[in-house]
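Visitor: Below is the structure I would like to discuss, written out as structure tokens.
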Amino acid sequence: MGQGASIVSDTPGTTTDPVEKTLELDPVGPVVFIDTAGIDDEGALGALRRERSERALDRTDVALLVTDGAWGRDEEALAEAFAARKLPYFVVANKVDLAEVMPGSQLPATVLDALAGRGIAVVAASALLGRGLDAVRERIAMLAPEHAIAQPHMLSDLVPPGGLVVLVVPIDLGAPRGRLILPQVQAIRDLLDGDQMCLVVKERELRAALERLSAPPDLVVCDSQVVLKAAADTPPGVPLTTFSILMARLKGDLVELARGAAAIERLGPGDRVLIAEACTHHPLADDIGRVKIPRWLRQYAGGDIEIDVAAGKELSDDMAAYALVVHCGGCVINRGNMLARLRAARRAGVPMTNYGLAISLTQGVLPRALGPFPAALDAFRAAAKGA
Ligand code: SF4
């Protein structure tokens, strides 16, 4: 990191929870480094530490297997775990400075040959002296998957250059003081990058703003919580969607999440639903995940549904117990992490949808909100027909 990040010690087992630091890494962009505990850890907490370390792999785009000359069962187990997840990785042979005073302390030639034979790059480095770190950074950039580097369009591909998008941003108690939330800022930046224009209004002003325009906008994007009002105030010929649906496309798999929304049609009294949020935040009185979505789901299903909330970096291990997972927009996690969550739900045989899709469905405007995304709308309709 080039800076002090955490207290270290020679005593095995000192690192327990993964330590995270962010860094702007050219040309990849903002990167989160996760330093996990070793997986060779024995003792009472060893299994827990190992589990935490392995879970970090679900949030990882590139893995660095750091060794100070050891290569044995544990390193091979890690290499297998990376390969099983199709995770690009390389080996960092750290502490090269020691080799000068302790010949033979580095990876043996036989191991180096074997790794080369398997196409696994090894970068010699000394974290202590800062040697080899440029090569480490270059190798990370080389292995970073396309989705981690490329800046996919959030919405600028939906409108022509010079087009106009109206963004509907409620400023209510849930809005952070003095700023816009990340998806709203990202949308503005993406439109500026696409040489498009945007007009940002609160939901109360949408109708008046549209009336003042000499031509209809190319798209209206609203916060999911006001989708019903925005759909009523936007002329039927104007495409409309929500920030949350845009996030579902940007971070995850919109088609699969739209298919998952059809499971709401099948919900009945007694079913269990998991509300999953990627960050922890202090819930407000009328919290979207804890109060509003549960209320709308219960009204829609016409009975009592048991609802659990999982907030934070890891999803419940017990997803099979649920009839549906409703995930937030995941603005603080990367696409790889969101796709890993989708895969986990698929493995558990549980459909997953997201906040924007679930809200639009329960408000009766999902076909309209999915209008700009025909493949997702078709997937939803096909899945709903099978219901
Ligand atoms: S991670 Fe999810 S819950 Fe947290 S702010 Fe972003 S969308 Fe909301």
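Since every read-out is calculated from the coordinates, none of them should be taken as a lab result. As the structure is a computational prediction, the values presented were derived from the model and not from experiment. Neighbour counts run over all protein chains shown; Cβ positions are idealised from the backbone, glycine included.
Visitor: Rg to Rh ratio, region 229-272, alpha-carbon atoms and Kirkwood radius?
Guide: With Rg and the Kirkwood Rh in hand, the quotient comes to 1.10.
Visitor: Connecting C-alpha atoms closer than 10 Å in a GNM of the chain, tell me which of 47, 310, 141 has the biggest fluctuation.
Guide: In the Gaussian network model the winner is 47.
Visitor: Could you tell me which of rounded, prolate or oblate describes region 272-326, using a ≥ b ≥ c as the square roots of the eigenvalues of the alpha-carbon gyration tensor, with rounded for a/c under 1.5 and, failing that, prolate when a/b is larger than b/c and oblate otherwise?
Guide: Because a/c hits 1.5 or more and a/b fails to exceed b/c, region 272-326 counts as oblate.
Visitor: GNM, the chain, Cα, under 10 Å: largest mean-square fluctuation among 307, 245, 149?
Guide: So, out of 307, 245, 149, the one fluctuating most is 149.
Visitor: Can you give the calculated 222 nm mean residue ellipticity of the chain, where each DSSP H run of n ≥ 4 adds -39,500 (n - 2.57) and the sum is split over every residue, rounded to the nearest 500 deg cm²/dmol?
Guide: -10500 deg cm²/dmol, from helical runs alone.
Visitor: Express the relative contact order of the chain as a whole percentage, based on alpha carbon pairs under 8 Å and six or more residues apart in sequence.
Guide: Once divided by the residue count of the chain, the mean separation gives 14 percent.
Visitor: Right, here's the next one. Volume per residue, Å³, of the convex hull around the alpha-carbon atoms of region 14-141?
Guide: Normalising the Cα hull of region 14-141 by residue number yields 120 Å³.
Visitor: Next question, about the same structure. Give the Kirkwood hydrodynamic radius (Å, one decimal) of region 270-387, defined as one over the mean of 1/r across all pairs of different Cα atoms.
Guide: By the Kirkwood definition, the hydrodynamic radius is 14.9 Å.
Visitor: Could you list the residues of region 1-34 with an amide nitrogen less than 19 Å from a label point located 7 Å from the Cα of residue 129 in the Cα-to-C-beta direction?
Guide: Output list for this probe position: 1-3.
Visitor: Still on this structure: I want to verify a result. In a Gaussian network model of the chain, Cα cutoff 10 Å, which of these has the top mean-square fluctuation: 284, 57, 199?
Guide: It is 284.
Visitor: When the Kirkwood radius is taken over all Cα pairs of region 199-334, what Stokes-Einstein diffusion coefficient follows at 20 °C and 1.002 mPa s, in µm²/s?
Guide: Answer, rounded: 128 µm²/s.
Visitor: May I have the pair-distance distribution P(r) for the chain, computed from all Cα-Cα distances with 10 Å bins from 0 and rounded to whole percent?
Guide: P(r) for the chain, in whole percents per bin: 4, 20, 27, 22, 15, 9, 3, 0.
Visitor: Number of Lys-Lys pairs in the chain under 28 Å by Cα, sequence gap 8 or more or different chains?
Guide: Pairs that pass both the separation and distance tests number 18.
Visitor: In Å, what is the Rg of the alpha-carbon atoms in region 156-244, and how long is Dmax?
Guide: Calculated on Cα positions, Rg and Dmax stand at 12.3, 35 Å.
Visitor: What is the sum of charges around residue 204, taking Lys and Arg as +1, Asp and Glu as -1, for the other residues whose C-beta is under 13 Å from the C-beta of residue 204?
Guide: Result for the local shell: -2.
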